[in-house]
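Bear in mind that the values in this text are calculations on the coordinates, not laboratory data. Because the structure is a prediction, the values reported are computed rather than measured. A quick note on method: Cβ atoms are made from the backbone with ideal geometry, for glycine too, and the neighbour counts reach across all protein chains shown.
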Amino acid sequence: MGRKLTLDIFRYNPSAGWTKPGMQTFELEETPGMNVFIALTRIREEHDPSLLFDFVCRTALCGSCGMLINGKPRLGCKTFTRDLPARTTLFPLPLFKLIGDLSVDTGTWFRLLALRTGAWLHTSRAFAHSILEERMDNETALKIFEADRCIECGCCIAACAKVHVQDEFIGAAGINRLARFLLDPRDERSEAQHYEVLGSEDGIFGCMGLMGCMDNCPKDLPLRDQLAYVRRRMTAAGLAWGGKEDGSRNRKTK
Ligand code: SF4
Ligand code: SF4
């Protein structure tokens, strides 16, 4: 027989006008290999079908199941109950719009971030499907791949003290995303154009460097390296141009 688990779960559905925020306690028996996703599914099937939470892939790839597990941003599918005490609290990730209970809307936040920062490849070259893909050197491709491993779960954003006090700060997820384009030789933006987006208190110079982001990234992204890389590049750009140029100069530094 498994342990008795007690889960204290935040309940509130803003779209059902009659509910009030509060905690609800559920008890269930732990089974081998149980993770928080399985525990919540059991609660929904056996106790309360109205419980709201998000899951898609269950393999730490979709980034949907970020939540506060005993106060720490974690993925529900990657968190095994055997690593938790017998009593656990679950809250939705802060900062994102609450859909209900443990479900939040991270998609809108990341979409607005992408629109605000131009987080896509900027190139004047037209896509031609008939020609072969260009090769990129392996070292650069691997660096870009490291940044692209981000699943946009929002755990680093929830863990970042700076985003809590300055909601325009793009956080580690935003800086990591833009590092990916700084690294990409196909991106034609100049240092001055990158500086316009990253060279401010809402960008890299707003980061306090305490690394709550990296400590809580479920994909173990090398965020310290990315933040340091972007800070170096943008410091050099700021010293070279004072961030005041119009971006017409298309020069990239290593
Ligand atoms: S950097 Fe890590 S914690 Fe932040 S959104 Fe990406 S995968 Fe999640
Ligand atoms: S190191 Fe920077 S991005 Fe990471 S949690 Fe701290 S302030 Fe946020």
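A simple spin-label model places the labels of E134 and R111 3.1 nm from each other, with each point 7 Å out along Cα-to-Cβ. What whole number of Å gives the distance from the Cα centroid of segment 57-95 to the Cα centroid of segment 123-183? Measuring centre to centre over Cα atoms gives 24 Å. Close lysine pairs were tallied over the chain: pairs 8 or more places apart or on different chains with Cα atoms under 27 Å apart number 22. For the peptides 39-46, 120-127, the ranking by mean Cβ contacts within 10 Å, running from highest to lowest, is 39-46, 120-127. Restricting the calculation to Cα atoms, the chain shows an Rg/Rh of 1.05 when the hydrodynamic-style radius is the Kirkwood one. Taking Cα atoms only, the orientation of helix 36-46 departs from the longest principal axis of the chain by about 40 degrees.
Taking amide H as placed 1.01 Å from N in the peptide plane, R3 has its amide H under 5 Å from the amide H of E30, each at least 5 places away in sequence or on another chain. Maximal additional length on extending the A141-D167 stretch stands at 6.2 nm, based on 0.36 nm per residue less the C-alpha distance. Taking Cβ separations below 4.7 Å as the criterion for a possible disulfide partner, the isolated cysteines in the chain are C65, C77, C150, C153, C155, C160, C207, C217.
Phi angles across segment 56-67 convert, under the Karplus curve 6.51 cos²θ - 1.76 cosθ + 1.60 with θ = phi - 60°, into 3J(HN,Hα) values of 10, 8, 6, 10, 6, 10, 8, x, 7, 9, x, 7 Hz, Gly and Pro given as x.
Amide H to amide H distances under 5 Å link N35 with T81, where only residues 5 or more positions off or on other chains count and H is placed in the peptide plane.
Each residue of segment 119-129 is assigned a 3J(HN,Hα), and the resulting list reads 7, 8, 5, 9, 9, 8, 7, 6, 6, 10, 6 Hz, derived from the Karplus form 6.51 cos²θ - 1.76 cosθ + 1.60 (θ = phi - 60°), x at Gly and Pro. Average projection, convex hull of the Cα set of segment 4-104: 6.1 square nanometres.
A cut-off of 5 Å between modelled amide H atoms, ignoring neighbours fewer than 5 places along the same chain, links T89 with D8, N70.
Annotation: peptides 156-166, 102-112, ranked by per-residue average of other Cβ atoms within 10 Å with the highest first, follow the order 156-166, 102-112. The 3J(HN,Hα) values that the Karplus relation (6.51, -1.76, 1.60; θ = phi - 60°) gives for segment 182-191 are, in residue order, 4, 6, 7, x, 7, 6, 8, 5, 7, 4 Hz. Gly and Pro appear as x.
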